[in-house]
Amino acid sequence: MAQILHFDFDGTIADTVQCVVATTQESFKKFGRQAPDAEIVKSFMGIPLEISGHEMSSKPFSEAEFSEFLKSYRALYLEYAPSKIQVFPHVREILLQAKEKGCFLTIVTSKYTAAAIQNLKDLDLFSLFDVVVGSDTAGGYKPSAAPIRKAEELLLEKYGTEVNQVLFQKAWVFGDSTFDIEMAHNAGLKACAVTWGAHSLEQLKSSSPDFIADTPVQLAQFWRE
């Protein structure tokens, strides 16, 4: 049965922790700041660097300096990504099953759209997704509903009457952070928290997900007839 399935990328589709931590720490050191601990970096995964960058910095940025910091981070991330990012086990097979069932798949991520698309292409997953929404195109950051609304808008533009309000209202959101779960609920949707990503089970439970998946294989139940 056709459904709309919204996926986070980092920590849900792919293991990007090593890449994000290394990029973050190197970027802060380059700009004369203390490198945040890996656990601190992981706790901020799920929200855009435009917000987390200020929160993690050991001293304030000027507006111009922060703009350069963002550019530097994104360039370094793309340099590191091919060797430091990998698809979680079984995720590719699960996504293929969903497509075979006629589901519409979206990526809703806090990274820039171009970076997300490049990651998906590097992992040979890009063709499986109908829409990719990044923080630069969403019109608002997680945990607001804006990224979901943008994904719906793009699906309508691409597929017209093949998608409708019933499908939109029955869509599920899959993510590894509390920000994903809160975004889903703010959009009036149900959310599945996945435990193989950045946030702990305790953190995920605090956002009251509608379902908790411990392995990617469990996700198949959402589109089985």
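The values are calculated or read from the model by the stated rules, or taken from the named source; none is laboratory data. Keep in mind that what you see is a predicted model, and the values were worked out from it rather than measured. Ideal geometry is used to build each Cβ from the backbone, glycine not excepted, and the neighbour counts take in all protein chains shown.
Here the condition is being part of a helix (DSSP H, G or I), of a type in the set (S, T, N, Q) and surrounded by fewer than 19 Cβ atoms within 10 Å (Cβ to Cβ); of SER58, SER52, SER67, it holds for SER67 alone.
Please verify whether GLU65 is over 19 Å from the mean Cα position of the chain (by Cα), in contact (Cβ under 8 Å) with a residue 40 or more places away in the chain and not assigned by TED's automatic domain parsing to the domain that holds ALA151, treating the condition exactly as stated. Against the criterion (over 19 Å from the mean Cα position of the chain (by Cα), in contact (Cβ under 8 Å) with a residue 40 or more places away in the chain and not assigned by TED's automatic domain parsing to the domain that holds ALA151), GLU65 does not qualify. Considering only residues in the stretch 1-43 that are assigned to a loop (DSSP other than H, G, I, E, B) and small (Gly, Ala, Ser), the one that is nearest to LEU204 (Cα to Cα) turns out to be GLY11.
Set side by side, the residues VAL133, VAL87 differ, and just one is closer than 21 Å to LEU49 by Cα and not charged (D, E, K, R), which is VAL133.
The residue that is farthest from the chain's Cα centre (by Cα), among those in the stretch 82-123 that are farther than 19 Å from ALA220 by Cα and without any contact (Cβ under 8 Å) to a residue 12 or more places away in the chain, is SER83. Is it fair to say ALA22 is over 30 Å from GLY160 (Cβ atoms), among the aliphatic types (A, V, I, L, M), at pLDDT 95 or above and out of contact with any Phe, Trp or Tyr (no Cβ under 8 Å at 6 or more places or on another chain)? So ALA22 does not fit the description; no.
For LEU76, the conditions (1) without any contact (Cβ under 8 Å) to a residue 24 or more places away in the chain; (2) part of a helix (DSSP H, G or I) are fulfilled apart from (1). Only residues that are touching a Lys or Arg at 6+ places or on another chain (Cβ under 9 Å) and either among the charged types (D, E, K, R) or not assigned by TED's automatic domain parsing to the domain that holds LEU95 (or both) were counted across the stretch 186-222, and they come to 2.
For the stretch 90-121, the set of residues classified as over 24 Å from ILE148 (Cα atoms) and either out of contact with any helix residue (DSSP H, G or I) (no Cβ under 7 Å at 6 or more places or on another chain) or surrounded by 17 or more Cβ atoms within 10 Å (Cβ to Cβ) (or both) consists of GLU93 only.
Inspect all residues belonging to the stretch 38-47 and state whether any of them is polar (S, T, N, Q), under 27 Å from VAL194 (Cβ atoms) and modelled with pLDDT of 95 or more. No, because not a single residue in the stretch 38-47 is polar (S, T, N, Q), under 27 Å from VAL194 (Cβ atoms) and modelled with pLDDT of 95 or more. Taken over the stretch 6-20, residues that are surrounded by 22 or more Cβ atoms within 10 Å (Cβ to Cβ) and more than 12 Å from the chain's Cα centre (by Cα) amount to 2.
Do we have GLY46 as small (Gly, Ala, Ser), touching a His at 6+ places or on another chain (Cβ under 8 Å) and not in a helix (DSSP H, G or I) here? Spelling it out, GLY46 is indeed small (Gly, Ala, Ser), touching a His at 6+ places or on another chain (Cβ under 8 Å) and not in a helix (DSSP H, G or I).
Scanning the stretch 185-225 for residues that are touching a helix residue (DSSP H, G or I) at 6+ places or on another chain (Cβ under 9 Å), without any contact (Cβ under 8 Å) to a residue 40 or more places away in the chain and of a type in the set (A, V, I, L, M, F, W, C) turns up ALA191, CYS192, ALA193, LEU204, PHE211, ILE212, ALA213. Looking only at residues in the stretch 131-178 that are within 15 Å of the chain's Cα centre (by Cα) and of a type in the set (Phe, Trp, Tyr), the one that is farthest from THR16 (Cα to Cα) is TRP172. In the stretch 160-179, the residue that is farthest from ALA145 (Cα to Cα) out of those that are in contact with a helix residue (DSSP H, G or I) (Cβ under 9 Å, 6 or more places away or on another chain) and among the charged types (D, E, K, R) is GLU162.
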